[in-house]
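Quick note: the coordinates plus some simple rules give every number you see, no bench work behind them. If you're wondering where the values come from, they're calculated on a predicted model, not measured in any experiment. Here the Cβ positions follow ideal geometry from the backbone for every residue, glycine too, while neighbour counts run over all protein chains shown.
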């Protein structure tokens with residue numbers, strides 16, 4: 001069914017229409033939440049919080065075509081709130097999805113990347129994870145984080161430069 005029709009029905013209180021909108025992108029929501037929450041349970045909690053907010057505030061959505069970027073922004077905010085409330089540190093090396101077997105070398109590389117990412121400040125780490133872990137384009141990141149496109153590009157550029165330095169690359173000695 002067309003997104004405009006589903007959003008219109010959801011705005012009129014049709015729970016099934018809202019569920020269908022969410023279920024159509026459930027994998028995208030889960031991957032986005034997982035980037036922030038780093039585990040299945042917390043990711044699902046954030047998605048649950050997002051669904052409640054969507055149900056309560058769907059009437060506020062002006063542009064029907066913006067439903068998915070609007071809902072992803074809400075999900076990011078739910079994730080950030082849960083992380084703030086729990087005040088916890090999460091490391092990628094502690095994550096292992098059920099049924100997922102990762103080769104030792106891949107796991108070591110993952111730990112190394114997370115170690116270097118943890119050295120970045122939150123604003124640079126966030127955009128790099130959204131760009132390279134979720135393969136989101138700059139415009140989508142801009143929409144989700146509610147920051148200008150140029151800011152996204154700048155943060156990614158600075159973050160990548162700091163990662164290079166952290167990994168020990170691109171250090172030129174001048175004579």
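Applying a 10 Å radius around every beta-carbon, put 30-37, 134-141 in order of their mean neighbour count, most first.
Highest to lowest by the protection proxy: 30-37, 134-141.
Could you give the length gained by full extension between residue 167 and residue 137, i.e. 0.36 nm per residue of separation minus their alpha carbon distance, to one decimal place?
Stretched fully, the residue 167-residue 137 segment lengthens by 8.3 nm.
So how do 43, 48 line up by other beta-carbon neighbours within 10 Å, fewest first?
Sorted ascending by nearby Cβ count, the order is 48, 43.
What ranking of 59, 68 emerges when the number of other C-beta atoms within 10 Å of each C-beta is taken as an exposure proxy, fewest first?
59, 68
Evaluate the distance, in nm, between pseudo-label points positioned 7 Å from the Cα of residue 24 and of residue 116 along their respective Cα→Cβ axes.
3.9 nm
Which distance in nm do the two modelled labels at residue 157 and residue 66 give, with both placed 7 Å along the Cα-to-Cβ direction?
2.7 nm
Scale the Cα Rg of the range 1-90 by the rule-of-thumb value 2.2 N^0.38 Å and send over the ratio, two decimals.
Here the answer is 1.09, to two decimals.
Based only on other Cβ atoms within 10 Å, what is the fewest-to-most ordering of 142, 157, 71?
Starting with the residue having the fewest Cβ neighbours, the order is 157, 142, 71.
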